[in-house]
Amino acid sequence: MASAENVVVIGKKPVMDYVLAAILLFNEGYDEVVIRGQGPNISKAVDVYNALAHRLQDGVEIVRINIDSIERGRRLIPVIEIIVRRKIA
């Protein structure tokens with residue numbers, strides 16, 4: 001898991017809000033940003049990555065993708081973390 005400072009946790013906001021949050025993290029000097037989605041927000045996390053790649057003209061690359069699950073009570077909640085790095089031109 002990454003440090004909490006460079007993680008964009010996907011929730012109910014529009015996709016572009018999370019894209020802008022990731023861009024702000026890159027502009028703050030982070031080399032890598034983690035896009036994290038849980039449960040029904042997994043597909044939105046993928047949408048955020050795709051929109052980010054489109055917005056930055058493919059200026060980001062996937063470092064790795066972590067797929068896991070966390071236990072909440074008796075239920076397992078799926079989790080995806082897409083770790084992206086800004087490409088150096």
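Sort out which residues of the stretch 2-24 are among the hydroxyl-bearing types (Ser, Thr, Tyr) and within 9 Å of the chain's Cα centre (by Cα), and write them in order of number.
In the first step, residues of the stretch 2-24 are kept if they are among the hydroxyl-bearing types (Ser, Thr, Tyr); the result is 3, 18.
Within the stretch 2-24, just Tyr18 meets the criteria.
Here Ala2 fulfils each of the conditions (1) at pLDDT 95 or above; (2) in contact with an Asp or Glu (Cβ under 8 Å, 6 or more places away or on another chain); (3) not polar (S, T, N, Q) apart from (1).
Filter the stretch 8-64 down to residues that are assigned to a strand (DSSP E or B), without any contact (Cβ under 8 Å) to a residue 40 or more places away in the chain and among the aliphatic types (A, V, I, L, M) and give me whichever is farthest from Pro78 (Cα to Cα). Before you say what the answer is, go through the steps one by one.
Step one: list which residues in the stretch 8-64 are assigned to a strand (DSSP E or B), which gives 8-9, 32-38, 60-64.
After this cut, where a residue has to be without any contact (Cβ under 8 Å) to a residue 40 or more places away in the chain as well, the list is 9, 60-64.
So of that shortlist, the ones also among the aliphatic types (A, V, I, L, M) come out as 9, 60, 62-63.
Details: Val9: 14, Val60: 25, Ile62: 20, Val63: 20 Å.
It comes out as Val60.
Here are some residues: Asn50, Asn41, Asn27. Which one is within 12 Å of the chain's Cα centre (by Cα), among the polar types (S, T, N, Q) and exposed (fewer than 15 other Cβ atoms within 10 Å of the Cβ)?
Working: Asn41 fails: exposed (fewer than 15 other Cβ atoms within 10 Å of the Cβ); Asn27 fails: within 12 Å of the chain's Cα centre (by Cα).
Asn50 is the lone residue from the list that is within 12 Å of the chain's Cα centre (by Cα), among the polar types (S, T, N, Q) and exposed (fewer than 15 other Cβ atoms within 10 Å of the Cβ).
Table: residues versus (1) charged (D, E, K, R); (2) at pLDDT 95 or above.
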residue: Val15; (1), (2): no, yes
residue: Tyr18; (1), (2): no, yes
residue: Ala51; (1), (2): no, yes
residue: Val63; (1), (2): no, yes
residue: Ile80; (1), (2): no, yes
residue: Arg86; (1), (2): yes, no
residue: Ala89; (1), (2): no, no
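Search the stretch 55-64 for residues being in contact with a helix residue (DSSP H, G or I) (Cβ under 9 Å, 6 or more places away or on another chain) and either of a type in the set (A, V, I, L, M) or surrounded by fewer than 13 Cβ atoms within 10 Å (Cβ to Cβ) (or both), and hand back the single one that is farthest from Glu81 (Cα to Cα). My answer is Leu56.
The values are calculated or read from the model by the stated rules, or taken from the named source; none is laboratory data. Computed from a prediction, not measured in an experiment: that's the story for all the values here. Glycine also receives a Cβ, built like all others from the backbone with ideal geometry; neighbour counts cover every protein chain displayed.
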